[in-house]
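The values are calculated or read from the model by the stated rules, or taken from the named source; none is laboratory data. Nothing here was measured: the structure is a model prediction, and the numbers come from that model. Cβ placement follows ideal geometry from the backbone for every residue including glycine, while neighbour counts extend to all protein chains displayed.
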Amino acid sequence: MTAAPPPETLRAPLVVEFPFTRSLGPVQSAFLTGLREGVVLGVKTSGGKVMVPPVEYDPVTAEEIRELVEVAPTGTVTTWAWNASPRPNQPLATPFAWVLVTLDGAGTGLLHALDAPGPDAVRTGMRVRVRWAAERSGAITDIACFEPCDAGPDDGGPDSCDGAPARPHDGAFADPVTGIVAAARLDYTYTPGRAQTAYINGLAERKTVGERCPSCHKVYVPPRGACPTCGVATTDRVEVGPAGTVTTYCIVNIKARGLDIDVPYVYAHIALDGAGLALHGRIGGIPYDQVRMGLRVEPVWTEGGRHPDHYRPTGEPDADYDAYKELI
Ligand SMILES: [Zn+2]
């Protein structure tokens, strides 16, 4: 159990979201293309085990597997867990069961969703069948979910719950799927902790607040709450800057998406006056090829900005190397 943070500590939602693009080898390509065509493919190991979903290498012998087989769209639930509160982008918007299904002809379980009215309607050993998505593109979501088929007529028709043994398949399809893009998304509630809360609150007043180690007296900016060298908590708050010294820098020649800054520009390590280590920021107000180590800079704030937009030269003489050589 996690203790609730003190009330003075900031909390905010944080979403990390990015598309994950991957290419498919011959086995995964055949599996996903098969789903698009309404066929479930697995692989057969040299030991005779049929694996669905398929893998490219035998988990026991590590040998390459290339023998594809087709299994039935029906199977048996081997274990399950009820999901009472589906999250966005899960297979079903209504409560459902996560199930491991061993499809008829397969020897391993496939993880998917089972559409059932409630947990009382789910049991280990129950018979289920694939419910295909109306629109299929070559993805695991081409199986919309599984549905119970205990009551289905076992007459061999399209709704049959009869199983069938695995049979060979050559994996040849027209227009095979060769790659997929999966949207990865992580939802956090981020809390920066006591020290960084003070740092962020300081920035709201256009101040930079660090913390001094009571043992070695180094001032950490941004503060992390402890001195990693001495292993003790830092509690002594110190305002540093606002001016500082460029200790080292790089010239950025690649334009980042969503960043409205012309390239080339300079990104620098800046030791604010009084700080025991450098933070980083963009340097503006000077041609990129005139930025140098020792350049004295000050922050430039924009209206509503939550941190300095960039740093510009103060016009002071450059700092001596000895003054910042420990802060590079
Ligand atoms: Zn220390």
- Message: Which condition from (1) under 21 Å from residue 306 (Cα atoms); (2) within 12 Å of the ligand (Cβ to nearest atom); (3) not hydroxyl-bearing (Ser, Thr, Tyr) is the one that residue 210 breaks?
- Response: (2)
- Task: Keeping to region 166-205, report how many residues are part of a loop (DSSP other than H, G, I, E, B) and on the phi > 0 side of the Ramachandran plot.
- Result: 2
- Return the only residue of 107, 47 being out of contact with any helix residue (DSSP H, G or I) (no Cβ under 9 Å at 6 or more places or on another chain), buried (at least 17 other Cβ atoms within 10 Å of the Cβ) and among the small types (Gly, Ala, Ser). 107
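For (1) modelled with pLDDT under 95; (2) farther than 14 Å from residue 242 by Cα, each residue gets a yes or a no:
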| position | (1), (2) |
| --- | --- |
| 257 | yes, yes |
| 266 | no, yes |
| 270 | no, no |
| 280 | yes, no |
| 297 | no, no |
| 305 | yes, yes |
| 318 | no, yes |
| 328 | yes, yes |
- Please enumerate the residues belonging to region 281-295 that are within 34 Å of the chain's Cα centre (by Cα) and either farther than 17 Å from residue 314 by Cα or of a type in the set (Gly, Ala, Ser) (or both). 281, 284
- Kindly establish whether residue 233 is within 16 Å of the ligand (Cβ to nearest atom) and touching a strand residue (DSSP E or B) at 6+ places or on another chain (Cβ under 6 Å). yes
- Identify the residue in region 215-229 that is more than 6 Å from the ligand (Cβ to nearest atom) and in a loop (DSSP other than H, G, I, E, B) and, among all such residues, is surrounded by the most Cβ atoms within 10 Å (Cβ to Cβ). 223
